[in-house]
1. Which net charge results when you count Lys and Arg as +1 and Asp and Glu as -1 among the other residues whose beta-carbon is under 10 Å from that of TYR153?
2. Answer with one residue from ALA358, ALA332, VAL38: the one whose Cα lies farthest towards the positive end of the charge dipole of the chain, charges on Cβ with Lys, Arg +1 and Asp, Glu -1.
3. ³J(HN,Hα) across segment 515-524 via Karplus (A = 6.51, B = -1.76, C = 1.60, θ = phi - 60°), whole Hz, x for Gly/Pro?
4. Which residues in segment 509-541 have a backbone N closer than 14 Å to a point placed 7 Å from the Cα of ARG431 along the Cα-to-Cβ line?
5. Rank ILE67, GLN7, THR342 by how far each Cα sits towards the positive end of the charge dipole of the chain (+1 on Lys, Arg Cβ; -1 on Asp, Glu Cβ) and give me just the farthest.
6. Just name one of VAL286, TRP256, PRO181: the one whose Cα is farthest towards the positive end of the charge dipole of segment 173-314 (beta-carbon charges, Lys/Arg +1, Asp/Glu -1).
7. Can you pull out the GluC sites (Glu not before Pro) in segment 12-68 whose DSSP state is coil and whose Cβ has at most 11 other Cβ atoms within 10 Å?
8. Pull out the extension gain between ILE27 and GLU512, defined as 0.36 nm times the separation in residues minus the alpha carbon to alpha carbon distance; nm, one decimal.
Amino acid sequence: MTVETVQSAPIEGQKPGTSGLRKKTRIFMQPHYLENFVQSIFNAIGGAAGKRFVVGGDGRYFNKEAIQTILRMAAANGAHEVLVGTEGLLSTPAASHLIRLNKTNGGIILSASHNPGGIDEDFGVKFNTPNGGPAPEAVTARMFEASKVLDSYVTLSTPDLDLGTPGKLRLGDMVVRVVDPVSDYRDLMAKLFDFEAMRGLLAGGFTLCFDAMHAVTGPYAKTILEGDLGAPEGSVINAVPLPDFGGGHPDPNPIWAKPLMDLMMSGDAPDFGAASDGDGDRNMIVGRGAYVTPSDSLAVLAANAHLAPGYADGLAGVARSMPTSGAADRVADALGIASFETPTGWKFFGNLLDAGKATICGEESAGTGSDHVREKDGLWAVLLWLNILAVRKQSVAEILDDHWTRYGRNYYSRHDFEAVPSDKAHQLMDRLAGMLADLPGQTFGELTVSKADEFSYLDPVDGSSSHNQGLRIWFDGGARAVLRLSGTGTEGATIRVYFEQYQDAPSGASTEAVLRPLREAVLTLGAFEHIVGRTTPGVVT
Ligand code: G1P
Ligand code: ZN
(Lines give C-alpha, C1' and ligand atoms only; values in the text may rest on other atoms or scores of the structure.)
(Ligands and ions follow the chains in the order given, each with its own letter.)
Protein backbone atom coordinates (compact mmCIF):
# COMPACT_ATOMS: atom_id res chain seq x y z
CA MET A 1 0.00 0.00 0.00
CA THR A 2 1.59 3.28 -1.01
CA VAL A 3 1.08 6.33 1.07
CA GLU A 4 0.21 9.37 -1.01
CA THR A 5 1.49 12.76 0.04
CA VAL A 6 -0.87 15.47 -1.16
CA GLN A 7 0.49 19.00 -1.45
CA SER A 8 -1.76 21.50 0.30
CA ALA A 9 -1.55 24.94 1.86
CA PRO A 10 -2.89 26.43 5.10
CA ILE A 11 -6.61 27.19 5.03
CA GLU A 12 -7.71 30.17 7.05
CA GLY A 13 -10.09 29.88 9.98
CA GLN A 14 -9.49 26.30 11.11
CA LYS A 15 -9.73 27.38 14.72
CA PRO A 16 -11.73 25.00 16.92
CA GLY A 17 -14.43 26.75 18.98
CA THR A 18 -16.47 25.74 22.05
CA SER A 19 -16.85 22.26 20.62
CA GLY A 20 -14.41 21.51 17.80
CA LEU A 21 -14.31 22.94 14.29
CA ARG A 22 -17.81 23.75 13.06
CA LYS A 23 -18.54 25.13 9.60
CA LYS A 24 -21.11 24.97 6.86
CA THR A 25 -21.09 21.50 5.28
CA ARG A 26 -20.08 22.87 1.88
CA ILE A 27 -16.98 24.40 3.46
CA PHE A 28 -15.96 21.01 4.84
CA MET A 29 -16.61 19.50 1.40
CA GLN A 30 -14.15 21.84 -0.34
CA PRO A 31 -10.99 20.19 -1.62
CA HIS A 32 -8.42 19.68 1.17
CA TYR A 33 -10.59 21.31 3.86
CA LEU A 34 -11.38 18.23 5.95
CA GLU A 35 -8.02 16.64 5.11
CA ASN A 36 -6.07 19.70 6.26
CA PHE A 37 -7.87 19.77 9.58
CA VAL A 38 -7.53 16.04 10.21
CA GLN A 39 -3.81 16.22 9.43
CA SER A 40 -3.57 19.21 11.79
CA ILE A 41 -5.15 17.10 14.54
CA PHE A 42 -2.60 14.32 14.01
CA ASN A 43 0.27 16.81 13.82
CA ALA A 44 -0.93 18.53 17.00
CA ILE A 45 -0.87 15.29 19.01
CA GLY A 46 2.60 14.22 17.92
CA GLY A 47 1.49 12.10 14.97
CA ALA A 48 -0.76 9.05 14.68
CA ALA A 49 1.91 6.36 14.20
CA GLY A 50 1.22 3.24 16.24
CA LYS A 51 -1.80 4.85 17.89
CA ARG A 52 -5.40 3.70 18.33
CA PHE A 53 -8.44 5.91 17.84
CA VAL A 54 -12.22 5.85 17.94
CA VAL A 55 -14.03 7.43 14.98
CA GLY A 56 -17.75 8.01 14.61
CA GLY A 57 -20.39 10.62 14.06
CA ASP A 58 -24.03 11.52 14.39
CA GLY A 59 -25.01 10.38 10.90
CA ARG A 60 -25.54 13.83 9.46
CA TYR A 61 -24.97 14.68 5.79
CA PHE A 62 -21.29 14.07 4.81
CA ASN A 63 -20.71 11.82 7.86
CA LYS A 64 -20.13 8.70 5.75
CA GLU A 65 -17.74 10.32 3.28
CA ALA A 66 -15.80 12.09 6.02
CA ILE A 67 -15.33 8.82 7.95
CA GLN A 68 -13.83 7.11 4.91
CA THR A 69 -11.44 10.04 4.46
CA ILE A 70 -10.40 9.94 8.12
CA LEU A 71 -9.84 6.17 8.01
CA ARG A 72 -7.57 6.50 4.97
CA MET A 73 -5.64 9.34 6.56
CA ALA A 74 -5.30 7.50 9.88
CA ALA A 75 -3.90 4.48 8.03
CA ALA A 76 -1.54 6.65 5.96
CA ASN A 77 -0.37 8.37 9.15
CA GLY A 78 0.56 4.96 10.55
CA ALA A 79 -2.25 4.45 13.07
CA HIS A 80 -2.40 0.91 14.45
CA GLU A 81 -6.16 0.56 14.88
CA VAL A 82 -9.40 2.52 14.55
CA LEU A 83 -12.67 1.55 16.19
CA VAL A 84 -15.63 2.80 14.22
CA GLY A 85 -19.37 2.48 14.85
CA THR A 86 -21.47 0.51 12.35
CA GLU A 87 -22.29 2.78 9.38
CA GLY A 88 -20.01 5.34 11.03
CA LEU A 89 -22.57 6.04 13.77
CA LEU A 90 -21.59 6.81 17.35
CA SER A 91 -23.26 9.16 19.78
CA THR A 92 -20.84 11.58 21.40
CA PRO A 93 -21.19 10.00 24.88
CA ALA A 94 -20.84 6.49 23.40
CA ALA A 95 -17.67 7.59 21.59
CA SER A 96 -16.32 9.00 24.85
CA HIS A 97 -17.08 5.67 26.56
CA LEU A 98 -15.38 3.64 23.80
CA ILE A 99 -12.24 5.79 24.04
CA ARG A 100 -12.08 5.11 27.79
CA LEU A 101 -13.10 1.46 27.67
CA ASN A 102 -10.54 0.60 24.99
CA LYS A 103 -7.89 2.97 26.33
CA THR A 104 -7.35 4.49 22.91
CA ASN A 105 -5.23 7.54 22.15
CA GLY A 106 -8.38 9.57 21.63
CA GLY A 107 -11.09 9.85 19.05
CA ILE A 108 -12.46 11.93 16.24
CA ILE A 109 -16.17 12.74 16.47
CA LEU A 110 -18.07 14.12 13.50
CA SER A 111 -20.98 16.27 14.49
CA ALA A 112 -22.33 19.79 14.63
CA SER A 113 -24.34 18.71 17.67
CA HIS A 114 -27.81 20.28 17.65
CA ASN A 115 -27.30 22.34 14.48
CA PRO A 116 -29.31 21.21 11.43
CA GLY A 117 -27.71 18.80 8.96
CA GLY A 118 -27.61 18.84 5.16
CA ILE A 119 -25.47 20.12 2.32
CA ASP A 120 -26.52 23.68 3.16
CA GLU A 121 -26.45 23.19 6.92
CA ASP A 122 -23.69 22.45 9.40
CA PHE A 123 -20.89 19.94 9.89
CA GLY A 124 -18.20 19.62 12.52
CA VAL A 125 -15.10 17.71 13.57
CA LYS A 126 -13.92 17.39 17.14
CA PHE A 127 -10.97 15.59 18.72
CA ASN A 128 -11.36 13.94 22.12
CA THR A 129 -8.31 13.09 24.21
CA PRO A 130 -7.53 9.71 25.81
CA ASN A 131 -9.62 10.55 28.88
CA GLY A 132 -12.64 10.58 26.53
CA GLY A 133 -13.23 14.31 26.82
CA PRO A 134 -13.09 17.18 24.33
CA ALA A 135 -9.55 18.41 23.73
CA PRO A 136 -8.66 21.15 26.21
CA GLU A 137 -7.75 24.61 25.00
CA ALA A 138 -4.00 23.94 24.96
CA VAL A 139 -4.57 21.06 22.51
CA THR A 140 -7.06 22.88 20.28
CA ALA A 141 -4.64 25.82 20.13
CA ARG A 142 -1.93 23.43 18.87
CA MET A 143 -4.32 22.18 16.17
CA PHE A 144 -4.96 25.72 15.02
CA GLU A 145 -1.22 26.45 14.97
CA ALA A 146 -0.63 23.25 13.00
CA SER A 147 -3.31 24.25 10.49
CA LYS A 148 -1.51 27.55 9.88
CA VAL A 149 1.72 25.92 8.75
CA LEU A 150 0.36 22.83 7.03
CA ASP A 151 1.81 22.20 3.57
CA SER A 152 0.76 18.60 2.90
CA TYR A 153 -1.21 15.66 4.22
CA VAL A 154 -0.99 11.93 3.70
CA THR A 155 -3.68 9.51 2.57
CA LEU A 156 -4.21 6.27 0.65
CA SER A 157 -6.02 5.71 -2.60
CA THR A 158 -8.19 2.77 -1.60
CA PRO A 159 -11.87 2.02 -2.14
CA ASP A 160 -14.39 2.81 0.60
CA LEU A 161 -14.68 0.21 3.35
CA ASP A 162 -18.01 -1.46 4.01
CA LEU A 163 -18.87 -0.38 7.56
CA GLY A 164 -22.32 -2.00 7.50
CA THR A 165 -21.68 -4.85 9.94
CA PRO A 166 -19.52 -5.32 13.04
CA GLY A 167 -16.23 -7.08 12.35
CA LYS A 168 -12.54 -6.68 11.73
CA LEU A 169 -11.26 -5.09 8.51
CA ARG A 170 -7.85 -3.96 7.32
CA LEU A 171 -6.85 -0.76 5.62
CA GLY A 172 -3.19 -0.96 4.64
CA ASP A 173 -1.44 -1.94 7.85
CA MET A 174 -4.21 -0.55 10.02
CA VAL A 175 -6.94 -2.59 11.69
CA VAL A 176 -10.44 -1.16 11.40
CA ARG A 177 -12.73 -2.62 14.06
CA VAL A 178 -16.37 -1.99 13.22
CA VAL A 179 -18.35 -2.11 16.48
CA ASP A 180 -22.01 -2.03 17.37
CA PRO A 181 -22.52 1.59 18.49
CA VAL A 182 -25.01 0.72 21.24
CA SER A 183 -23.90 -2.40 23.12
CA ASP A 184 -20.97 -1.16 25.26
CA TYR A 185 -22.86 2.02 26.11
CA ARG A 186 -25.92 0.00 27.07
CA ASP A 187 -23.82 -2.19 29.40
CA LEU A 188 -22.49 0.93 31.12
CA MET A 189 -26.02 2.27 31.69
CA ALA A 190 -27.12 -1.10 33.09
CA LYS A 191 -24.32 -0.83 35.67
CA LEU A 192 -25.20 2.71 36.73
CA PHE A 193 -28.96 2.36 37.02
CA ASP A 194 -31.48 0.08 38.66
CA PHE A 195 -33.00 -1.35 35.49
CA GLU A 196 -35.19 -3.67 37.52
CA ALA A 197 -36.86 -0.84 39.45
CA MET A 198 -37.29 1.05 36.18
CA ARG A 199 -38.84 -1.99 34.51
CA GLY A 200 -41.23 -2.16 37.47
CA LEU A 201 -42.16 1.49 36.99
CA LEU A 202 -42.99 0.94 33.34
CA ALA A 203 -44.78 -2.35 34.00
CA GLY A 204 -46.95 -0.47 36.49
CA GLY A 205 -48.39 1.72 33.74
CA PHE A 206 -45.99 4.66 33.83
CA THR A 207 -45.85 6.09 30.30
CA LEU A 208 -43.12 7.95 28.44
CA CYS A 209 -42.31 9.54 25.12
CA PHE A 210 -38.69 9.93 24.00
CA ASP A 211 -38.18 12.07 20.90
CA ALA A 212 -34.92 11.09 19.20
CA MET A 213 -35.47 13.90 16.67
CA HIS A 214 -34.25 11.66 13.81
CA ALA A 215 -30.79 11.89 15.30
CA VAL A 216 -28.25 9.46 16.67
CA THR A 217 -29.97 8.44 19.94
CA GLY A 218 -32.79 6.60 18.12
CA PRO A 219 -31.06 3.19 18.19
CA TYR A 220 -29.78 3.73 21.75
CA ALA A 221 -33.21 4.71 23.10
CA LYS A 222 -34.95 1.86 21.27
CA THR A 223 -32.55 -0.71 22.71
CA ILE A 224 -32.59 0.61 26.27
CA LEU A 225 -36.03 2.16 26.80
CA GLU A 226 -38.14 -0.19 24.72
CA GLY A 227 -35.85 -3.25 24.80
CA ASP A 228 -34.32 -3.38 28.28
CA LEU A 229 -36.87 -1.41 30.25
CA GLY A 230 -39.98 -2.64 28.48
CA ALA A 231 -41.52 0.66 27.40
CA PRO A 232 -44.17 -0.16 24.77
CA GLU A 233 -43.06 0.02 21.15
CA GLY A 234 -43.64 3.54 19.87
CA SER A 235 -42.52 5.15 23.14
CA VAL A 236 -39.43 6.26 21.20
CA ILE A 237 -40.46 8.52 18.33
CA ASN A 238 -38.46 9.80 15.32
CA ALA A 239 -36.09 6.93 16.08
CA VAL A 240 -34.39 6.54 12.69
CA PRO A 241 -31.28 8.73 12.27
CA LEU A 242 -31.49 10.74 9.02
CA PRO A 243 -28.76 12.80 7.29
CA ASP A 244 -30.92 15.94 7.53
CA PHE A 245 -32.67 14.97 10.81
CA GLY A 246 -35.93 14.97 8.85
CA GLY A 247 -35.42 18.64 8.02
CA GLY A 248 -35.63 19.57 11.70
CA HIS A 249 -33.38 21.28 14.15
CA PRO A 250 -32.22 18.47 16.45
CA ASP A 251 -32.03 20.64 19.54
CA PRO A 252 -33.95 19.36 22.55
CA ASN A 253 -35.56 22.50 23.91
CA PRO A 254 -39.13 23.83 24.02
CA ILE A 255 -38.63 25.66 20.71
CA TRP A 256 -37.22 22.91 18.54
CA ALA A 257 -38.89 19.98 20.29
CA LYS A 258 -42.24 21.75 20.14
CA PRO A 259 -44.33 18.72 19.12
CA LEU A 260 -43.12 16.91 22.24
CA MET A 261 -43.75 20.01 24.38
CA ASP A 262 -47.27 20.32 22.97
CA LEU A 263 -47.94 16.67 23.75
CA MET A 264 -46.62 17.04 27.30
CA MET A 265 -48.80 20.06 27.94
CA SER A 266 -51.92 18.37 26.51
CA GLY A 267 -54.57 16.16 28.08
CA ASP A 268 -52.98 13.11 26.41
CA ALA A 269 -49.56 13.64 27.94
CA PRO A 270 -47.62 10.60 29.09
CA ASP A 271 -46.03 10.75 32.55
CA PHE A 272 -42.60 11.61 31.22
CA GLY A 273 -41.21 13.20 28.07
CA ALA A 274 -37.61 13.58 26.94
CA ALA A 275 -35.58 14.40 23.86
CA SER A 276 -31.96 14.38 22.81
CA ASP A 277 -29.94 16.24 20.19
CA GLY A 278 -28.07 15.47 16.97
CA ASP A 279 -25.16 13.67 18.60
CA GLY A 280 -26.90 12.51 21.77
CA ASP A 281 -25.17 14.60 24.39
CA ARG A 282 -27.99 17.04 25.17
CA ASN A 283 -31.31 16.32 26.83
CA MET A 284 -34.66 17.86 27.56
CA ILE A 285 -36.78 16.62 30.45
CA VAL A 286 -40.45 17.37 30.75
CA GLY A 287 -43.08 15.90 33.00
CA ARG A 288 -46.81 15.97 32.36
CA GLY A 289 -47.52 19.71 32.35
CA ALA A 290 -44.10 20.45 33.85
CA TYR A 291 -41.06 21.56 31.86
CA VAL A 292 -37.79 21.15 33.76
CA THR A 293 -35.16 23.77 32.96
CA PRO A 294 -31.71 22.25 32.43
CA SER A 295 -30.42 24.21 35.43
CA ASP A 296 -33.16 22.77 37.65
CA SER A 297 -32.61 19.32 36.17
CA LEU A 298 -28.95 19.44 37.21
CA ALA A 299 -29.96 20.45 40.73
CA VAL A 300 -32.64 17.74 41.04
CA LEU A 301 -30.26 15.08 39.70
CA ALA A 302 -27.54 16.15 42.12
CA ALA A 303 -29.97 16.05 45.05
CA ASN A 304 -31.32 12.59 44.15
CA ALA A 305 -28.46 10.80 42.40
CA HIS A 306 -27.79 8.61 45.45
CA LEU A 307 -31.04 6.79 44.61
CA ALA A 308 -29.29 5.16 41.60
CA PRO A 309 -26.82 2.32 42.28
CA GLY A 310 -23.96 4.00 40.41
CA TYR A 311 -24.10 7.01 42.74
CA ALA A 312 -25.20 5.30 45.96
CA ASP A 313 -22.02 6.40 47.73
CA GLY A 314 -22.85 10.07 47.15
CA LEU A 315 -21.20 12.73 45.02
CA ALA A 316 -17.71 14.20 45.34
CA GLY A 317 -18.87 17.55 44.03
CA VAL A 318 -21.09 19.29 41.50
CA ALA A 319 -19.89 21.52 38.67
CA ARG A 320 -21.86 23.88 36.48
CA SER A 321 -20.96 26.25 33.70
CA MET A 322 -20.96 29.88 34.75
CA PRO A 323 -24.19 30.91 32.92
CA THR A 324 -26.06 27.92 34.43
CA SER A 325 -28.27 28.94 37.37
CA GLY A 326 -27.02 28.61 40.91
CA ALA A 327 -29.68 26.00 41.80
CA ALA A 328 -27.08 23.19 41.89
CA ASP A 329 -24.86 25.20 44.26
CA ARG A 330 -27.64 25.19 46.85
CA VAL A 331 -27.86 21.41 46.66
CA ALA A 332 -24.08 21.10 46.98
CA ASP A 333 -24.17 23.36 50.06
CA ALA A 334 -26.91 21.26 51.62
CA LEU A 335 -25.00 18.05 50.89
CA GLY A 336 -21.79 19.56 52.22
CA ILE A 337 -19.93 18.89 48.96
CA ALA A 338 -17.92 21.17 46.70
CA SER A 339 -19.45 23.16 43.87
CA PHE A 340 -17.54 24.53 40.88
CA GLU A 341 -18.30 27.26 38.35
CA THR A 342 -16.53 26.79 35.01
CA PRO A 343 -16.55 28.56 31.64
CA THR A 344 -19.04 27.44 29.00
CA GLY A 345 -18.13 24.19 27.24
CA TRP A 346 -17.87 20.64 28.49
CA LYS A 347 -14.10 20.56 28.13
CA PHE A 348 -13.75 22.60 31.32
CA PHE A 349 -15.30 19.79 33.39
CA GLY A 350 -12.69 17.24 32.28
CA ASN A 351 -10.03 18.03 34.86
CA LEU A 352 -12.55 18.16 37.72
CA LEU A 353 -13.94 14.77 36.72
CA ASP A 354 -10.49 13.23 36.19
CA ALA A 355 -9.32 14.51 39.56
CA GLY A 356 -12.41 13.15 41.32
CA LYS A 357 -13.44 16.63 42.46
CA ALA A 358 -16.82 16.59 40.72
CA THR A 359 -19.16 13.67 40.00
CA ILE A 360 -22.06 15.41 38.26
CA CYS A 361 -21.79 18.37 35.89
CA GLY A 362 -24.23 20.42 33.91
CA GLU A 363 -24.83 23.33 31.60
CA GLU A 364 -27.92 25.44 31.07
CA SER A 365 -27.79 24.46 27.39
CA ALA A 366 -29.44 21.09 28.05
CA GLY A 367 -26.24 19.30 29.00
CA THR A 368 -25.90 17.04 32.02
CA GLY A 369 -23.49 14.24 32.70
CA SER A 370 -21.25 12.53 35.20
CA ASP A 371 -17.88 10.92 35.63
CA HIS A 372 -19.06 7.78 33.75
CA VAL A 373 -17.79 9.42 30.52
CA ARG A 374 -16.14 12.75 29.72
CA GLU A 375 -18.97 14.23 27.67
CA LYS A 376 -22.44 15.33 28.57
CA ASP A 377 -24.87 12.49 28.03
CA GLY A 378 -28.50 12.94 27.01
CA LEU A 379 -29.76 9.42 27.53
CA TRP A 380 -27.89 9.13 30.84
CA ALA A 381 -29.86 12.12 32.17
CA VAL A 382 -33.12 10.55 31.00
CA LEU A 383 -32.25 7.25 32.69
CA LEU A 384 -31.20 8.93 35.95
CA TRP A 385 -34.52 10.78 36.00
CA LEU A 386 -36.39 7.51 35.37
CA ASN A 387 -34.42 5.79 38.13
CA ILE A 388 -35.30 8.61 40.55
CA LEU A 389 -38.97 8.51 39.51
CA ALA A 390 -39.01 4.74 40.00
CA VAL A 391 -37.68 5.07 43.54
CA ARG A 392 -39.58 8.17 44.68
CA LYS A 393 -42.87 7.16 43.09
CA GLN A 394 -43.81 10.81 42.59
CA SER A 395 -44.54 12.75 39.42
CA VAL A 396 -42.00 15.09 37.81
CA ALA A 397 -44.12 18.08 38.92
CA GLU A 398 -44.20 16.83 42.52
CA ILE A 399 -40.45 16.32 42.56
CA LEU A 400 -39.89 19.83 41.23
CA ASP A 401 -42.27 21.44 43.74
CA ASP A 402 -40.65 19.56 46.55
CA HIS A 403 -37.21 20.69 45.36
CA TRP A 404 -38.21 24.37 45.21
CA THR A 405 -39.83 24.22 48.65
CA ARG A 406 -36.64 22.85 50.09
CA TYR A 407 -34.02 24.91 48.24
CA GLY A 408 -35.86 27.93 46.84
CA ARG A 409 -36.23 28.50 43.10
CA ASN A 410 -33.90 30.02 40.51
CA TYR A 411 -36.21 31.34 37.81
CA TYR A 412 -34.21 31.15 34.62
CA SER A 413 -34.29 31.94 30.92
CA ARG A 414 -31.80 32.34 28.07
CA HIS A 415 -32.32 34.73 25.17
CA ASP A 416 -30.33 34.33 21.95
CA PHE A 417 -29.80 37.12 19.45
CA GLU A 418 -28.59 35.15 16.44
CA ALA A 419 -26.85 36.15 13.21
CA VAL A 420 -25.88 39.57 14.52
CA PRO A 421 -23.20 41.21 12.35
CA SER A 422 -19.94 40.35 14.07
CA ASP A 423 -18.78 43.97 14.43
CA LYS A 424 -22.07 45.01 16.09
CA ALA A 425 -21.96 42.11 18.51
CA HIS A 426 -18.41 42.94 19.51
CA GLN A 427 -19.27 46.62 19.80
CA LEU A 428 -22.08 45.79 22.24
CA MET A 429 -19.91 43.47 24.32
CA ASP A 430 -16.87 45.77 24.34
CA ARG A 431 -18.94 48.76 25.37
CA LEU A 432 -20.49 46.80 28.22
CA ALA A 433 -17.14 45.39 29.32
CA GLY A 434 -15.84 48.94 29.51
CA MET A 435 -18.77 49.99 31.71
CA LEU A 436 -18.57 47.15 34.25
CA ALA A 437 -16.46 48.94 36.85
CA ASP A 438 -18.92 51.84 37.06
CA LEU A 439 -22.12 49.80 37.14
CA PRO A 440 -22.43 48.96 40.86
CA GLY A 441 -24.86 51.35 42.49
CA GLN A 442 -26.54 52.34 39.22
CA THR A 443 -30.26 51.69 38.89
CA PHE A 444 -31.98 50.48 35.71
CA GLY A 445 -35.77 50.44 35.95
CA GLU A 446 -36.59 48.54 39.14
CA LEU A 447 -33.14 47.06 39.68
CA THR A 448 -29.87 48.31 41.14
CA VAL A 449 -26.56 46.72 40.17
CA SER A 450 -24.69 45.26 43.14
CA LYS A 451 -21.64 43.80 41.37
CA ALA A 452 -20.34 43.30 37.82
CA ASP A 453 -17.31 41.55 36.33
CA GLU A 454 -15.86 39.65 33.40
CA PHE A 455 -15.57 35.96 34.23
CA SER A 456 -12.13 34.37 34.38
CA TYR A 457 -11.50 30.79 35.41
CA LEU A 458 -8.54 29.37 37.20
CA ASP A 459 -8.56 25.60 36.80
CA PRO A 460 -8.00 24.19 40.30
CA VAL A 461 -6.39 21.04 38.89
CA ASP A 462 -3.82 22.18 36.33
CA GLY A 463 -3.62 25.88 37.23
CA SER A 464 -4.45 27.03 33.70
CA SER A 465 -6.54 30.16 33.36
CA SER A 466 -9.18 31.20 30.83
CA HIS A 467 -10.18 34.83 30.46
CA ASN A 468 -12.99 36.76 28.73
CA GLN A 469 -15.53 34.05 29.49
CA GLY A 470 -18.57 36.31 29.70
CA LEU A 471 -19.88 39.39 31.49
CA ARG A 472 -21.71 38.93 34.79
CA ILE A 473 -23.99 41.54 36.34
CA TRP A 474 -25.66 41.00 39.72
CA PHE A 475 -28.52 43.09 41.05
CA ASP A 476 -29.91 43.66 44.54
CA GLY A 477 -32.60 41.12 45.36
CA GLY A 478 -31.02 37.96 43.94
CA ALA A 479 -31.00 38.66 40.19
CA ARG A 480 -28.09 37.95 37.85
CA ALA A 481 -27.58 38.45 34.14
CA VAL A 482 -24.79 37.01 32.02
CA LEU A 483 -23.86 38.08 28.49
CA ARG A 484 -21.49 36.21 26.20
CA LEU A 485 -20.86 35.53 22.55
CA SER A 486 -21.49 32.03 21.29
CA GLY A 487 -18.44 29.99 20.30
CA THR A 488 -20.33 27.45 18.19
CA GLY A 489 -22.12 29.58 15.61
CA THR A 490 -21.34 29.27 11.92
CA GLU A 491 -22.80 32.58 10.69
CA GLY A 492 -22.25 36.08 12.12
CA ALA A 493 -22.31 36.28 15.89
CA THR A 494 -24.83 35.11 18.48
CA ILE A 495 -25.24 37.14 21.65
CA ARG A 496 -26.50 34.99 24.48
CA VAL A 497 -28.13 36.71 27.44
CA TYR A 498 -28.89 34.60 30.50
CA PHE A 499 -31.38 35.81 33.13
CA GLU A 500 -31.75 34.41 36.61
CA GLN A 501 -33.80 35.47 39.64
CA TYR A 502 -33.65 33.57 42.91
CA GLN A 503 -36.65 33.43 45.21
CA ASP A 504 -36.34 31.82 48.60
CA ALA A 505 -40.09 31.25 48.75
CA PRO A 506 -41.17 30.89 45.10
CA SER A 507 -44.04 33.21 44.25
CA GLY A 508 -45.41 30.84 41.64
CA ALA A 509 -45.59 33.65 39.06
CA SER A 510 -44.58 32.82 35.48
CA THR A 511 -40.87 32.84 34.63
CA GLU A 512 -41.57 35.58 32.09
CA ALA A 513 -43.18 37.80 34.73
CA VAL A 514 -40.50 37.15 37.34
CA LEU A 515 -37.69 37.94 34.90
CA ARG A 516 -39.25 40.97 33.19
CA PRO A 517 -37.59 43.71 35.31
CA LEU A 518 -34.21 42.03 34.84
CA ARG A 519 -34.66 41.68 31.09
CA GLU A 520 -35.66 45.32 30.75
CA ALA A 521 -32.70 46.48 32.83
CA VAL A 522 -30.22 44.48 30.76
CA LEU A 523 -31.62 45.52 27.38
CA THR A 524 -31.32 49.14 28.49
CA LEU A 525 -27.85 48.99 29.93
CA GLY A 526 -26.63 46.92 26.98
CA ALA A 527 -28.07 49.45 24.48
CA PHE A 528 -29.48 46.57 22.41
CA GLU A 529 -31.90 48.78 20.50
CA HIS A 530 -29.22 51.29 19.63
CA ILE A 531 -26.39 48.94 18.70
CA VAL A 532 -28.00 45.85 17.17
CA GLY A 533 -31.43 47.34 16.44
CA ARG A 534 -33.14 44.45 18.20
CA THR A 535 -34.69 43.93 21.62
CA THR A 536 -36.52 40.73 20.76
CA PRO A 537 -34.43 37.56 20.77
CA GLY A 538 -34.76 34.96 18.02
CA VAL A 539 -34.80 32.06 20.43
CA VAL A 540 -35.85 31.93 24.08
CA THR A 541 -35.13 28.82 26.09
C1 G1P B 1 -23.13 26.09 23.23
C2 G1P B 1 -23.64 26.05 24.66
C3 G1P B 1 -22.62 25.38 25.55
C4 G1P B 1 -22.28 24.00 25.00
C5 G1P B 1 -21.87 24.11 23.54
C6 G1P B 1 -21.65 22.74 22.92
O7 G1P B 1 -21.95 26.86 23.17
O8 G1P B 1 -23.95 27.34 25.15
O9 G1P B 1 -23.12 25.30 26.86
O10 G1P B 1 -21.24 23.42 25.73
O11 G1P B 1 -22.86 24.79 22.79
O12 G1P B 1 -22.80 21.96 22.95
P13 G1P B 1 -21.93 28.40 22.71
O14 G1P B 1 -22.55 28.48 21.35
O15 G1P B 1 -22.77 29.15 23.71
O16 G1P B 1 -20.48 28.80 22.75
ZN1 ZN C 1 -24.69 17.82 21.05
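1. Numbers: positive: none; negative: GLU4, GLU35, ASP151.
Counting the neighbours of TYR153, the net charge comes to -3.
2. So the residue we want is VAL38.
3. 8, 4, x, 5, 4, 5, 4, 6, 5, 5
4. Answer for this model: 522-535.
5. The residue sitting most towards the positive pole is GLN7.
6. Farthest towards the positive end: VAL286.
7. Here the GluC sites (Glu not before Pro) that fit, given the DSSP loop and packing criteria, are GLU12.
8. On the way: separation 485, 0.36 × 485 = 174.60 nm, distance 3.94 nm.
Stretched fully, the ILE27-GLU512 segment lengthens by 170.7 nm.
The values are calculated or read from the model by the stated rules, or taken from the named source; none is laboratory data. Predicted, not measured: the structure shown is a model, and the values here were computed from it. Positions of Cβ are backbone-derived with ideal geometry, glycine not excepted, and every protein chain shown enters the neighbour counts. Ligands, DNA and RNA are excluded from the accessible area calculation, which covers all protein heavy atoms including side chains. Shrake-Rupley method; radii C 1.70, N 1.55, O 1.52, S 1.80 Å.
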